[in-house]
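Encoded as structure tokens, the structure appears first; notes follow it.
Read-outs: derived from the displayed coordinates by stated rules, not from any lab. Everything quoted here is computed from the prediction, not taken from an experiment. With ideal geometry, Cβ positions are generated from the backbone for all residues, glycine too; neighbour counts draw on all protein chains shown.
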Amino acid sequence: MEIAGSNPAGSTKMGVERFINNEQGELFKNQLALISGTGNCQLAKKIGAELNIPVDFPVSYFPESEAYCQLSEGLRRKHAIILQSFSCGEINNQLLELLIMIDASKRASAEETTVLLPYFPYARQDRKDKPRVPITAALLSNLLETAGANRVVTLSLHAEQIMGCFNGPWDNLYASYSLIPKIKNICHGLGINDIANEVAFFSPDSGGVKRVDFYARIIGCQYGVIPKIRDANTLETSQLNILAGFPLNQIKAAFTIDDLIASGSTTCKGADILSDQGIPHVFAVAEHALFLNNALEKINNSSLSGVITTDTIAHDENVIKSNKIEIVSVAPLLAMAIRYIHTGESLGENLIL
């Protein structure tokens, strides 16, 4: 007898899905090994929780500061996922940790080694723009290959041509997958109904036009550029007037879109320029955020309504507690990427937003 309000078919389906999920979880435990350096332990734990697998933190240091790595288990016939993000002041140490973990994985008989780098360091050194300088991004890619990485996964690379320096599969995901839903929620919270005419995205320099165009097309709004000039000697930047093919007086919320916040100077200057045009709400969106030196103080004292960024880089308590900064976790995105890579499903069809 069917009881009113019951759904036997639905219950059966839920039971089957639960069984499949549990079975897949057990498969992942047996086939995947998630290994993390010291760069972003919290992100590693979140990814492990998403996949329902343990995380191995094998790196320690000798008193003389030499890095040491001992994996907690053998990796024979396993797919090793080596996660390393990078924190300010420790990038070079954490880079060596990464190479040592790759070597340990190879010597522990891992069937495949995937290196997961939510934030790729040295990415801005991607070309020879002055005499007698290295192309450090290419060097780092070569080091990963030499150490034994079979595949690299990154998130919102500063320059996608870096992928060409690695002779193997390289998947570059986009933080927009995690950030765009948050941007939509902010617009909804501000009571904006006509996104096409009342919201605008801006690139803080001409090099970010492709990125801001992508965000604008996904959201369905207009975009402009705030051109930036960087002094080659001092590295100081100055921003010019806004280039936009639409009236600014109709805009209720503006978002500057950048791949990286470092010192915060460009971010805050751009916000001031937009605020001076009478735009009531100005937000900065950064796919990665270092918050160097007094960046947090600049942001807190600026005309910005808020900064939306991710946890690709480990943030300190002052950043986490700031009422102007919202941190969106990329752990679900990276966990899904690991699943799809391991099962052979398409990343482009499922995870590009």
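Taking 51 Å as R0, compute the FRET efficiency from the Cβ-Cβ separation of S329 and R132 and round it to 0.05. It comes out at approximately 0.80. The Cβ shell under 12 Å around T309 holds other residues with a net charge of -3, Lys and Arg each +1, Asp and Glu each -1. Considering only trypsin sites (Lys or Arg not before Pro) in DSSP loops that have at most 16 other Cβ atoms within 10 Å, the longest stretch of the chain without any of them is 133-323. Which whole-number percent gives the relative contact order of the chain, counting Cα pairs below 8 Å spaced six or more residues apart? Computed over the chain, the figure is 13 percent. With both labels modelled 7 Å from their Cα along Cα-to-Cβ, the A49 to D213 distance reads 3.9 nm.
Just to confirm a number: summing +1 for Lys and Arg and -1 for Asp and Glu over residues other than I341 whose beta-carbon lies under 15 angstrom from that of I341, what do you get? Taking every other residue near I341 into account, the sum is -3. Taking θ as phi - 60° and the Karplus parameters 6.51, -1.76 and 1.60, the scalar couplings of the range 302-315 work out to 8, 7, 5, 6, x, 10, 10, 9, 10, 9, 4, 10, 5, 9 Hz in sequence order, x denoting glycine and proline.
Here the range 176-329 is treated with +1 on each Lys and Arg Cβ and -1 on each Asp and Glu Cβ, and its dipole about the Cα centre works out to around 260 debye. Taking a straight line from the alpha carbon of K184, these lysines sit under 25 Å away, with near neighbours fewer than eight places off in the same chain left out: K46, K210, K252, K269, K321, K324.
Within the shell defined by Cβ-Cβ distances under 13 Å, the residues around P134 carry a net charge of +3, with Lys and Arg each +1 and Asp and Glu each -1. From the Kirkwood radius over Cα pairs of the range 176-329, Stokes-Einstein at 37 °C and 0.692 mPa s returns a whole-number translational diffusion coefficient of 213 µm²/s. The distance between label points at R76 and A159 comes to 4.4 nm (points 7 Å beyond Cα on the Cα→Cβ vector). Between R124 and Q31, the FRET efficiency estimated from the beta carbon spacing at R0 = 35 angstrom works out to 0.45. For the chain, the alpha-carbon radius of gyration amounts to 1.09 times the rule-of-thumb value 2.2 N^0.38 Å expected for a compact globular protein. With both labels modelled 7 Å from their Cα along Cα-to-Cβ, the F57 to N301 distance reads 3.6 nm. Reported to the nearest whole Å, the Cα centre-to-centre distance from the range 131-190 to the range 41-93 is 19.
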